[in-house]
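One structure is given below, encoded as structure tokens.
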Amino acid sequence: MKNRCSLLQFAFLLTMFLSLGNASEAYQLTLYTMPPPHHLDWSSPRALIWGCSIGNRLTFSNMDHKHTMGHVFVELNSESDYDEFAGSTTAPDAPNDADFITKQGYGLGVFFANFRGCLDPGDNLKKQLQNRYANSTVNYINFKISKSTFDRLFQYLAMYKYRNYQSVYSGLNKPREGKGAGCSIFGVSFVELAGFLCPEWVNRWQIHVKLPQSMVGGPMTKQFVSMWTVIRENRWAQPNEPFIPLDLYDPDLISQWILQAWDKVNFEKLHGGGHPFGDPILDRAKPSMRGQAKGLEIDATDVPTPTDPIWQGDALNFKETPQH
């Protein structure tokens, strides 16, 4: 059995690390989004499955990291000695998502499947970024943050790993409750914890569809739904039909939103105007480029650090498992 420090020891080490920071140095949070090779078609289950399983797999761009539904991750750093990338992903030995559909009869219940998960290796993400900066297939928002906000995000990431929440990819997509997280909600949870996520961003970044309950298989409904049932279906749930809502942060929508904001901010910069977004965070944005990739830089160092609990739901009552 691997040695594991007690929760008390971990809390002491965490406190010591946070107390060593220099309040005058720069702290940053960067949200990265890699759109899929081609835009996803959410008009029907058939169109979505076709695009993910066929269209976005048969592409010759970014061959080593296609991300058929896109990918989102974050970077948290201070200028002195801390720089960490974090993204929720499936574990190397996890079954392919297609197995849940073709062999286990999850149908559209695959959106709620508990995949074996892990955090993306930082070196792997850095390599992807260098390639994607060159061909403009990544976008980003770089937030300059206060030390107290950095400490809050650092604590969240450290405890997320300590509690092994990263071992469940997707699931119920509630990272702050310890109930699994796809890459998008995991990345966005950092923006939320920093106090920057406003309702308009949520509305623009999320996709909302009603999954017909008859096409949702797996543990959620205890039914088997064949792959052919999903492929044949050319509609989402109809009025008065039993359904299960799916509210999902879409890397493609986030990427498109960043590009639209970049164009607007850049126009205002060139013509000396103001920032007509009416958004207290976005009005601070400046256009940024890394290679050919477009992003936004936002100085939010004076934005108050939220004081609400980091953890929600069952995660509030987390108990360390006694070691024997």
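The values are calculated or read from the model by the stated rules, or taken from the named source; none is laboratory data. Quick caveat, the model's predicted, so the values are computed rather than measured. Cβ placement follows ideal geometry from the backbone for every residue including glycine, while neighbour counts extend to all protein chains displayed.
Residue under question is SER146, and the condition is that it be under 18 Å from THR33 (Cβ atoms) and either touching a residue at least 40 places away in the same chain (Cβ under 8 Å) or hydrophobic (A, V, I, L, M, F, W, C) (or both); does it hold? Judged against the criteria, SER146 is not a match. In summary, no strands (runs of 3 or more DSSP E) completely within the range 76-138 bear 1 or more residues that are more than 19 Å from the chain's Cα centre (by Cα) and closer than 18 Å to GLY295 by Cα. TRP257 satisfies every condition listed in (1) assigned to a strand (DSSP E or B); (2) in contact with a helix residue (DSSP H, G or I) (Cβ under 6 Å, 6 or more places away or on another chain) except (1). Scanning for something exposed (fewer than 12 other Cβ atoms within 10 Å of the Cβ), at pLDDT 90 or above, over 27 Å from MET69 (Cβ atoms) and out of contact with any strand residue (DSSP E or B) (no Cβ under 8 Å at 6 or more places or on another chain), does the range 270-278 turn up at least one residue? So far as the range 270-278 goes, no, none of its residues is exposed (fewer than 12 other Cβ atoms within 10 Å of the Cβ), at pLDDT 90 or above, over 27 Å from MET69 (Cβ atoms) and out of contact with any strand residue (DSSP E or B) (no Cβ under 8 Å at 6 or more places or on another chain).
So that you can scan it fast, the table gives a plain yes or no per residue for (1) basic (Lys, Arg); (2) more than 21 Å from ASP250 (Cβ to Cβ); (3) surrounded by 21 or more Cβ atoms within 10 Å (Cβ to Cβ):
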site: LYS161; (1), (2), (3): yes, yes, no
site: GLN166; (1), (2), (3): no, yes, yes
site: LEU172; (1), (2), (3): no, no, no
site: ILE185; (1), (2), (3): no, no, yes
site: SER189; (1), (2), (3): no, no, yes
site: GLU192; (1), (2), (3): no, no, no
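In the range 21-39, of all residues being at pLDDT 85 or above and of a type in the set (A, V, I, L, M, F, W, C), the one that is surrounded by the fewest Cβ atoms within 10 Å (Cβ to Cβ) corresponds to ALA26. Taken over the range 277-299, the criterion of being part of a strand (DSSP E or B) and in contact with a Ser or Thr (Cβ under 9 Å, 6 or more places away or on another chain) is satisfied by ALA293, LYS294, GLY295, LEU296, GLU297.
Conditions tested, residue by residue: (1) modelled with pLDDT of 90 or more; (2) within 30 Å of TYR160 (Cβ to Cβ); (3) of a type in the set (Phe, Trp, Tyr).
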{"site": "GLN223", "(1), (2), (3)": "yes, no, no"}
{"site": "TRP236", "(1), (2), (3)": "yes, no, yes"}
{"site": "PRO242", "(1), (2), (3)": "yes, no, no"}
{"site": "LEU248", "(1), (2), (3)": "yes, yes, no"}
{"site": "ALA261", "(1), (2), (3)": "yes, yes, no"}
{"site": "ASN266", "(1), (2), (3)": "no, no, no"}
{"site": "GLN292", "(1), (2), (3)": "yes, no, no"}
{"site": "TRP311", "(1), (2), (3)": "yes, yes, yes"}
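Residues that are within 25 Å of ALA91 (Cα to Cα) and in a helix (DSSP H, G or I) occur at least once in the range 191-212.
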